Amino acid sequence: MNQTPRTLNRILITILGLLLMLAGGTALALALVPTLAGWWHAATAQAGANLHAVLDATTLPGQRDSWLWIVASLLLLLMVLLMIAWVAQQGKGRTGTIAADFDGDGAPGAVQLSSGVAEQALRTALLERDSILQATVTAYDYDGRGALRIRVVPRLGVSPQAVADEVSDLVEALDLALGMSFPVVIHLVAGARSRLVRADRVR
């Protein structure tokens, strides 16, 4: 429901995993095959010589170091900025307004309903149920309108269908109280807490 770029994240994770597998396979091959180890030492020695030659060729008169180090620093800075932008894209979509009414029968102004109203009302009602151990309600912007994501941890031994029905009933009651409805996603979680807390009903 949120705007996290999941496809991009999966692509980046896949690429990183492939690179790590390639690096691990190469290191294992170099350790087990003496011929490859000798070739690797020769190749790295040649690469080091070529790098020193490039650095010497790009050193300006009167300077100690190559200007390539400045370019490398700028590229690293750009990479850091891109990573910060990528992190900032994670988990977007939260909204502080669950609904807004700009049609006031001709009267000026608008009425906005804070997402905290729906979140706190539903969470309080959910936690009053003996079948629920923990509940979180979060409002998101979904296709230009408010939507709710309800995450519930049922008590051990409680039917998931029964919990889903209870949550649905509470959502319908909220719709009637507010006079409007929202798209809702109900997420039932079987966490460690539900296994450790004693159930009040027969399993």
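The values are calculated or read from the model by the stated rules, or taken from the named source; none is laboratory data. Predicted, not measured: the structure shown is a model, and the values here were computed from it. Ligands, DNA and RNA are stripped out before the accessible areas are found, and what is left, the full protein with its side chains, is counted by its heavy atoms. Shrake-Rupley method; radii C 1.70, N 1.55, O 1.52, S 1.80 Å.
You can think of it this way: the chain between HIS52 and ALA164 has 33.6 nm of extra reach, that is 0.36 nm per residue less the Cα-Cα gap. With every protein chain in place and a 1.4 angstrom probe, the accessible-area ranking of LEU32, LEU133, largest first, reads LEU32, LEU133.
Its residues counted as N, segment 1-98 yields a C-alpha radius of gyration over 2.2 N^0.38 Å of 1.70.
Can you give me the C-alpha center-to-center distance between segment 5-30 and segment 118-167, rounded to a whole angstrom? Each part's Cα centre sits 38 Å from the other's.
For segment 110-159, the C-alpha radius of gyration sits at 1.34 times the compact-globule guess of 2.2 N^0.38 Å, with N the residue count. Close amide-amide hydrogen proximity is noted between VAL184 and LEU148, each under 5 Å apart and 5 or more residues distant or on a separate chain (H modeled in the peptide plane; Pro and chain starts excluded). Could you give me D for segment 40-87, from Stokes-Einstein at 25 °C and 0.890 mPa s, where the hydrodynamic radius is the Kirkwood radius over C-alpha pairs? Units µm² s⁻¹, please. My calculation gives 192 µm²/s for D.
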